[in-house]
Amino acid sequence: MINMAGGILLTVNWFSFIYVMNHVTVKAASLAYLVCPILTTLLAHFILHEKLKGLQWVSMGLSIVGCLLLSYTNLIDMVFSLIVGLSYALYLITQRQNKGFDKIIVLTFQIVLSGVLLLPFYPVYSMGVPTAFDFYFYIAIIAIGFTIIPLFLNLYALKGINSSTIGMLLNINPIIGFLLAAYVYHEQMNLIQIIAYSIIFIAVVAFNAQLFLKKES
C-alpha cells in the first residue's frame, strides 16, 4: 500500500508540476519547491513525530517568511504551489515508512505504476510520434539525470536521514535555480526576490547547523 501510495503521489506531483509550468507560471512552479520543504518538515513533525529543536523552528519561520515575500503579489501562484509541494511532501513522508524493499525495486514499481495511471490519457492528449533524435536525447537526460537519479538518492537518503532534514535540503534546488537565472540567464531580479531567497538560504543553514555542531562535538 505504501509503494502504491508513493506511485500515485509521484504521478500527482509530476502532472501538477507540468501543468503549473505550462499553464500557470514558472514562478509558481519554482515556489512549489520552496513550499515543499516547509510542508515536509511540518508533516514529519506531526505525523512521524520527528523532533525539531529551537533553531530548526526558527529556520521554519524564516522559510515561511521567504515564501510569503515571493508570493505576496499573486495568491493564485501560492495555491498551485501548495498543490505541487504537498504532493511531494506526502511522497517523502510515506517513503520514510517504506522499509524492507530495495530502493531500485521500489522506484521501478512506482514509475511503472505512474505510467499505467497516465496511460488512459494518452489517446486524448497524444500527438504524432516524434522522429527527431534531439527529442529522445533530451527526454533521456531529463528522465535519467533529473528524475530517476534524484528520486533514487532521495529514497536512499531516507534510510538514514529524517524526512524533515531532506525536506529542508530541497531548498537548495530553487536557490541554485535563482542563481542560474540571475548570473547565467541574466534575468532581472527585484530586491524583494533577493531578500526572500537570502532568507531561505539562511533558513537552510540554520536548520542544518545543529547537525554540523553535533559532528564537531
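Among the residues of region 174-201, how many are at negative phi, assigned to a loop (DSSP other than H, G, I, E, B) and either at pLDDT 75 or above or not charged (D, E, K, R) (or both)?
Summing the residues that are at negative phi, assigned to a loop (DSSP other than H, G, I, E, B) and either at pLDDT 75 or above or not charged (D, E, K, R) (or both) in region 174-201 gives 5.
Tally up the residues in region 131-173 that are modelled with pLDDT under 75, part of a helix (DSSP H, G or I) and within 18 Å of Ile47 (Cβ to Cβ), please.
6
If you scan region 49-82, which residues turn out to be among the aliphatic types (A, V, I, L, M) and in contact with a helix residue (DSSP H, G or I) (Cβ under 8 Å, 6 or more places away or on another chain)?
Across region 49-82, the qualifying residues are Leu52, Leu55, Val58, Met60, Leu62, Ile64, Val65, Leu69, Leu70, Ile76, Met78, Leu82.
Provide a single number: the residues in region 1-32 that are in contact with a Leu (Cβ under 7 Å, 6 or more places away or on another chain) and modelled with pLDDT under 90.
Number satisfying all stated conditions: 1.
Select from region 53-81 the residues that are among the polar types (S, T, N, Q) and part of a helix (DSSP H, G or I) and write down the one among them that is farthest from Lys159 (Cα to Cα).
By that ranking, first place goes to Ser71.
Looking at region 106-135, which of its residues are surrounded by 11 or more Cβ atoms within 10 Å (Cβ to Cβ) and hydroxyl-bearing (Ser, Thr, Tyr)?
Within region 106-135, Thr108, Ser114 meet the criteria.
Out of all the residues in region 113-145, which are among the aliphatic types (A, V, I, L, M), under 19 Å from Leu155 (Cα atoms) and touching a residue at least 12 places away in the same chain (Cβ under 8 Å)?
Leu113, the sole residue that qualifies.
Just the residues that are in a helix (DSSP H, G or I) and in contact with a Gly (Cβ under 8 Å, 6 or more places away or on another chain), please, taken from region 82-107.
Scanning region 82-107 gives Ala89, Tyr91, Leu92, Thr94, Gln95, Val106.
Would you please name the residue that is surrounded by the fewest Cβ atoms within 10 Å (Cβ to Cβ), looking only at residues in region 7-46 that are of a type in the set (S, T, N, Q) and over 11 Å from the mean Cα position of the chain (by Cα)?
Per the criteria, the residue is Asn22.
Cβ-Cβ under 8 Å, sequence separation 6+ or interchain: first residue in region 60-76 and under 10 Å from Leu31 (Cβ atoms), partner modelled with pLDDT under 85 and not in a helix (DSSP H, G or I). Which pairs?
Going by the 8 Å Cβ cut-off, the qualifying pairs are Asn74/Thr25.
Anything in region 108-130 that is over 27 Å from the mean Cα position of the chain (by Cα) and in a helix (DSSP H, G or I)? List them, or say none.
Answer for region 108-130, where residues must be over 27 Å from the mean Cα position of the chain (by Cα) and in a helix (DSSP H, G or I): Pro123, Val124.
If you check every pair at least six apart or on different chains, which have Cβ atoms under 7 Å apart with a residue in region 25-38 that is aromatic (Phe, Trp, Tyr) first and a residue that is modelled with pLDDT under 80 and part of a helix (DSSP H, G or I) second?
If the second residue must be modelled with pLDDT under 80 and part of a helix (DSSP H, G or I), the pairs left are Tyr33/Asn173; Tyr33/Pro174.
Looking only at region 26-46, which residues are among the hydrophobic types (A, V, I, L, M, F, W, C) and in contact with a Ser or Thr (Cβ under 7 Å, 6 or more places away or on another chain)?
Result: Ala28, Leu31, Ala32, Val35, Ile38, Ala44.
Can you tell me how many residues within region 68-100 are modelled with pLDDT of 80 or more, more than 21 Å from Ile18 (Cβ to Cβ) and among the hydrophobic types (A, V, I, L, M, F, W, C)?
3
The values are calculated or read from the model by the stated rules, or taken from the named source; none is laboratory data. Predicted model only: the values in this text are computed from it and were never measured. Cβ sites come from the backbone with ideal geometry, for glycine too, and all protein chains shown count toward neighbours.
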